[in-house]
Amino acid sequence: MEDHEILAKFHEPASRNLAFNQLVRKYQQKVYWHVRKMVVDHDDADDLTQDVFVKVWKNLENFRQDAQLFTWIYRIATNECLSFLQSKRRKFFLPLNDVGAELAAKLEADPAIAGDEIELKLQRAILRLPDKQRLVFNLRYYDEMPYEQMAEVTGTSVGALKASYHHAARKVEEYVTTADNLGFAPDGAN
Amino acid sequence: MKPPFRLDQHLRRGVQPLSNPPAGYFDQLPTRIMAQVAVPAHRPLLVWLWQAPMYVRTGLASTVLLGTFAASMWLGSAPLGVATPAVTLDAVPQQQLVEYLTSGETHVDMLDLAELPTRQLGITRQYLKSSPTELTEALDAQPAEDGSLL
């Protein structure tokens, strides 16, 4: 079902629930994986994905269609992720690196990455990035999202996003290179 | 010394290496989300209040509190009824009025009361059991110097 059909049905009280169910089925995987890449842990991603769709439900009536529906949902998901990571840091008085280390520990325990040494170093490097920079890196490097769409999702200018991605990529390369030459992670994580 | 790591030379996996969610997760997720958001057609008032946003609940609570206060102030200051002294007096049985008025402390005797029927003839009917004509005749038959009808 097309987005405009979903929205039209959503605005009719009789078909509201059905339309929203269609919307969830259409976008649940994209939202889940976008969130999962940011928070790594499945349970956290599960909670956040549900929160995202509850927010979508509450605000969909006011959606003006200035942006694409999925870009708008992506933006809600992004804000939820950043708020979650920020509140986690505040709640446990954790510095930036500790959250990165925690996420890295979860990732290393994931069987999907077991045995791939260079990939493990790359993921460690990505998880050490500040949250917003990591978000930009993920959207560009893994999702290959155009900068214009990234600008809508993040509410940041294209120029700033390009600069952010460039800095993130440079940091990741330096970290992996150092880890490769030292034979262990520069921050002590192994 | 190994060559510097370059992202553009790295074989990109396409997706981050994360394990898949549990089997059937995406089949159940829509049902779980719909359970949180879908609203039955006739939602009980209490459930609606419970789920209403904080600002709505605060507003409603303030309104109820102010309403209760205003109602109590109005009830406390307003007269209980529109009863005038005449209406209140009408509610007292006439026989009791006569008994009260002829009691020793009020200094009213039956002569005073006998003059009333010229305006309120009905008051004598209960205790004199006579028509206005009979009463007039009886009064006329009394000697002028006699101050009592008894």
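Within the range B:73-86, which residues are more than 17 Å from the chain's Cα centre (by Cα), exposed (fewer than 11 other Cβ atoms within 10 Å of the Cβ) and either at pLDDT 80 or above or of a type outside the set (Val, Ile, Thr) (or both)?
B:PRO85, B:ALA86
Just to be sure, is A:GLY115 open to solvent by less than 50 Å² (accessible area, probe 1.4 Å) and either assigned to a loop (DSSP other than H, G, I, E, B) or modelled with pLDDT under 70 (or both)?
So A:GLY115 does not fit the description; no.
Quick one: what pairs do we get from the range A:39-60, first residue part of a loop (DSSP other than H, G, I, E, B), second open to solvent by less than 10 Å² (accessible area, probe 1.4 Å), C-beta under 7 Å, 6+ apart or different chains?
Qualifying pairs under 7 Å: A:VAL40/A:LEU103; A:VAL40/A:LEU107.
Out of the residues in the range A:61-79 that are in a helix (DSSP H, G or I), open to solvent by less than 30 Å² (accessible area, probe 1.4 Å) and of a type outside the set (A, V, I, L, M), state the one that is nearest to A:ALA104 (Cα to Cα).
The extreme case among them is A:THR78.
Among (1) of a type outside the set (Val, Ile, Thr); (2) open to solvent by 100 Å² or more (accessible area, probe 1.4 Å); (3) modelled with pLDDT under 90; (4) in a helix (DSSP H, G or I), there is one condition B:HIS42 misses while meeting the rest; what is its number?
Against the list (1) of a type outside the set (Val, Ile, Thr); (2) open to solvent by 100 Å² or more (accessible area, probe 1.4 Å); (3) modelled with pLDDT under 90; (4) in a helix (DSSP H, G or I), B:HIS42 comes up short only on (4).
For every residue, the table says whether it meets (1) crowded, with 20+ Cβ neighbours inside 10 Å; (2) within 26 Å of A:LEU127 (Cα to Cα); (3) within 10 Å of chain B (Cβ to nearest Cβ).
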site	(1), (2), (3)
A:GLU2	no, no, no
A:GLU12	no, no, no
A:VAL35	yes, yes, no
A:ASP44	no, yes, no
A:TRP57	yes, no, yes
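The values are calculated or read from the model by the stated rules, or taken from the named source; none is laboratory data. Predicted model only: the values in this text are computed from it and were never measured. Here the Cβ is made from the backbone with ideal geometry for all residues, glycine too, and neighbour counts use every protein chain on show. Only protein heavy atoms, including side chains, enter the accessible area calculation; ligands, DNA and RNA are left aside. Shrake-Rupley method; radii C 1.70, N 1.55, O 1.52, S 1.80 Å.
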